[in-house]
Every structure is written in C-alpha cells, then in structure tokens.
Amino acid sequence: MRFLVTGGYGFVGSHLVEDLCSSNHDVTVLDNLSNGRLSNLESVRNKITMCMANIEHIRTLHFGDKFDGIFHLATAPRSSSLMDPMRDIETNCKGMMAVLELARAHGAKVVFTSNSGIYGTAPAGASIDESSANNPTTPYDANKLVSEYYCKIYHEIHGVRSLVVRFATVYGERQQVNEKLNWKPLVATLVKNVVNNEDVTINGDGEQTRDLIYVKDAVDGVVKAMASSAGDADICLLSTNKETSVNEVLGMVEEITGQKARIIRSEPLKGDIRRMKYDYGKAKRKFGFEPKYTAKEGIDKMVKYAKKNLHQ
Ligand SMILES: NC(=O)c1ccc[n+]([C@@H]2O[C@H](COP(=O)([O-])OP(=O)(O)OC[C@H]3O[C@@H](n4cnc5c(N)ncnc54)[C@H](O)[C@@H]3O)[C@@H](O)[C@H]2O)c1
C-alpha cells in the first residue's frame, strides 16, 4: 500500500516508517526536521520518498499517485506550546486540517496520533478510559482535541475515514531531549542524565505517575488502527493501564546502569499531570491492540542505546 507519514523523521514516526518499510509498503515521509533527525531513518534512506516541508503547506505539494493511508504524527511539542502558542496552532490545528483535505482528495484513511494528556489527571487508583471527561491543561492538548473534532466533522460531512489514537507516554530508542524546544521527555531525560553523569532534576516530589508505553508497542497500535476496518473517527487509547512514578523510573535507570543519580529538587511543572493510568480495552476490542513490553524491558533497551550514543 502507499502511505504518507507526517513527522516521520521524529521519534515515533521513524520507528513507524521502518516498520512499514519492512512490510514492503511504499512510504513517503513529510517532516520539517524541527524536532526530527535525518539520521533516524538512515536504515531505510533508499526505500522512502522524502518530502521536506511544513505540514500546514501540504496543499501546495504534488505527491503523484494517491495515498491509501496517512499516518499523521507531525506535531509541535507539548512542552513548547505555552511558550509559542501560535506555532502550536499552525502545526497542530492547520496541519490537521491540511491532512484531512489531502485525505479527502486521495480517498485515504487517516490515523491521527493525539494525546492522553487531554483528560487531565486520573483519580487515585482508577484508570481513565475514552468515556472520561476531557480537561486539557495546555494549548497543545486543546489543539489536539480540536484536531480530533476536525476528524469527526470530516468523517460526517465528507466521509473521510479516520481513527484517532491517544498515546500514553511513549518512550524508547531515538527519543531525544531538545532544549531549544524545551522538550524533555521523562525517560529519555533521566537515561541521558544518568548515563552521562549529569545532575538529575526532579520536579515536585517525583511521585507523579506516567503510563509508559514502549515505542514498538505504540507503533504496533497505529499500524493495527490503520489496517482495521474502523474509520469513523473514533478515539482509542494506546497505553498499558499501569502507573510508574518518576521516582520509580529513576530507580530503574539507576539499577540498570549501576550508576547513582545526583538529584536536584525543583518546583512542579506548570500544567503537569499528577497521575496517568489509561485503559486500552477499547483499542483491544476494536483492533486487537495489546502492549507487550514492561517498563523495565523498555528502559533496559533505552539504556543500551544511550550507552552506544553517549552525550547526545
Ligand atoms: N512521545 C510521546 O510520549 C507522545 C505522547 C502523546 C502523543 N504523542 C504524539 O505522537 C506523535 C509523535 O510524537 P513524537 O514523540 O515522535 O514527536 P517528535 O517531535 O519526535 O515527532 C514529531 C515530528 O514532527 C515534525 N514536525 C514538527 N512540526 C512540523 C511541521 N510544522 N511540519 C512538518 N513536520 C513537523 C518534527 O520535526 C518531528 O520529526 C505526535 O503527534 C505526538 O503529539 C506522543
């Protein structure tokens, strides 16, 4: 099949593109490299068509043959959306609309990667599921929510087929800290700090939790979402239904590396979510999604990767 992957040079996108190439699909990758790297797709450089462009300008591009499916991952990061809210609207809202217009013209199905952070904090002990109330706390989450509505509207009015997946906290090899964009993903930051013997900043008491999904599980979910017959713009969580605190992640990194962290305590982050635990039952029923990796297994892989790529 012929696929477009937006944001394909990024962290999750590059794993997805490799997966699609290994199944011999025809893959075009669109990215502006604001947070992606060419080296992320070195292994499939000769198999893909590269399109260096801003997602919001997609309508001015000519792609030749029609796409069967569009995986829409290009995004401005959550962490920079309070610093640069206009950029967030450009990329996340206008980008989504541009993708839906392209999908309409091509008759392509869209899988859109949204964010579970839209729900806000989970009640103690309980899991959040798709019926839980939305409570976006940053412009990024609000714009992801608006984009989900665009998918629904385009399905109802124009018959564009799509599925929305709301990722929990994805982590894995190639995830990078980007100081310029204030992008400091939890596991990547802690692994980098400990492996490079840098100070570790813990915001708040470190008891805030994340539902950590390893990148190969996340990719498996979006591939299954695209392959499924469902296309009614429905929303499904891709998660593990397990909570891991920041302190627990640090403990695992210390144990795996055999190195002790130098901790600096800091203020809680603005807009941070206290508890994250998401039920993936709907994705399981709808397209057979089931995560395979434990946090310890995934973090072990990340540590091995970081040790090979020290100081990145
Ligand atoms: N990583 C997570 O924990 C997580 C959690 C929830 C949702 N998501 C979603 O999953 C998707 C992938 O996330 P990721 O962690 O791989 O992020 P990433 O930043 O690594 O990838 C996004 C890619 O989009 C590109 N991009 C940014 N602005 C663009 C623009 N205007 N035009 C074209 N390309 C542009 C970047 O260069 C980057 O390569 C995103 O949609 C994100 O919102 C990720």
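The values are calculated or read from the model by the stated rules, or taken from the named source; none is laboratory data. Every value quoted in this text rests on a predicted model; they were computed, and no experiment measured them. Using ideal geometry, Cβ is built from the backbone for each residue, glycine included, and neighbour counts are taken over all protein chains shown.
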Original post:
Which ones in region 235-267 are of a type outside the set (Gly, Ala, Ser), more than 20 Å from Glu297 (Cβ to Cβ) and buried (at least 17 other Cβ atoms within 10 Å of the Cβ)?
Top reply: Ile235, Cys236, Leu237
**OP:** Given the conditions (1) within 16 Å of the ligand (Cβ to nearest atom); (2) surrounded by 18 or more Cβ atoms within 10 Å (Cβ to Cβ), report the number of the one that Asn134 does not fulfil.
**Re:** (2)
**OP:** Please identify the pairs in which a residue from region 19-33 that is among the hydrophobic types (A, V, I, L, M, F, W, C) has its Cβ atom under 6 Å from the Cβ atom of a residue that is away from the ligand (no atom under 16 Å from the Cβ), counting only partners at least 6 apart or on another chain.
**Re:** Cys21/Lys47; Val27/Cys21
Original post:
Hey, Phe287 hits all of (1) touching a strand residue (DSSP E or B) at 6+ places or on another chain (Cβ under 6 Å); (2) within 29 Å of Tyr140 (Cα to Cα); (3) surrounded by 13 or more Cβ atoms within 10 Å (Cβ to Cβ) but one; which does it fall short on?
Top reply: (1)
**OP:** Being in contact with a Phe, Trp or Tyr (Cβ under 8 Å, 6 or more places away or on another chain) and part of a loop (DSSP other than H, G, I, E, B) is the filter; apply it to region 91-134 and report the residue that is modelled with the lowest pLDDT.
**Re:** Ala122
Original post:
Quick one: in region 56-73, which of the residues that are modelled with pLDDT of 95 or more and either aliphatic (A, V, I, L, M) or assigned to a strand (DSSP E or B) (or both) is surrounded by the fewest Cβ atoms within 10 Å (Cβ to Cβ)?
Top reply: Gly69
Subject >> Residue list for region 17-48, restricted to those being in contact with a Leu (Cβ under 8 Å, 6 or more places away or on another chain), closer than 23 Å to Ala227 by Cβ and either part of a strand (DSSP E or B) or near the ligand (Cβ under 9 Å from one of its atoms) (or both) >> reply: Val27, Thr28, Val29, Leu30, Ile48
**OP:** Output the strands (runs of 3 or more DSSP E) that fall wholly within region 211-289 and possess 3 or more residues being under 19 Å from the mean Cα position of the chain (by Cα), or say none.
**Re:** 212-214, 232-238
Original post:
Condition test on Val191, is it within 27 Å of Phe287 (Cα to Cα), part of a helix (DSSP H, G or I) and more than 13 Å from the ligand (Cβ to nearest atom)?
Top reply: no
**OP:** Show the residue pairs that are 6+ apart or on different chains and have beta-carbon atoms under 7 Å apart, the first residue being within region 237-256 and closer than 23 Å to Glu290 by Cβ, the second being in a helix (DSSP H, G or I) and of a type in the set (Lys, Arg).
**Re:** Leu237/Lys282; Met252/Lys296
Original post:
Can you pull out the residues in region 135-174 that are within 19 Å of the chain's Cα centre (by Cα), in a loop (DSSP other than H, G, I, E, B) and at pLDDT 95 or above?
Top reply: Ala168, Gly172, Glu173
**OP:** Report whether or not Ala76 is at negative phi, assigned to a loop (DSSP other than H, G, I, E, B) and near the ligand (Cβ under 9 Å from one of its atoms).
**Re:** yes
**OP:** Kindly indicate whether any position in region 83-99 is buried (at least 23 other Cβ atoms within 10 Å of the Cβ), closer than 23 Å to Tyr280 by Cα, more than 10 Å from the ligand (Cβ to nearest atom) and touching a residue at least 40 places away in the same chain (Cβ under 8 Å).
**Re:** no
**OP:** Please give the number of the condition Ile202 fails out of (1) over 19 Å from the mean Cα position of the chain (by Cα); (2) in a strand (DSSP E or B); (3) closer than 30 Å to His25 by Cα.
**Re:** (3)
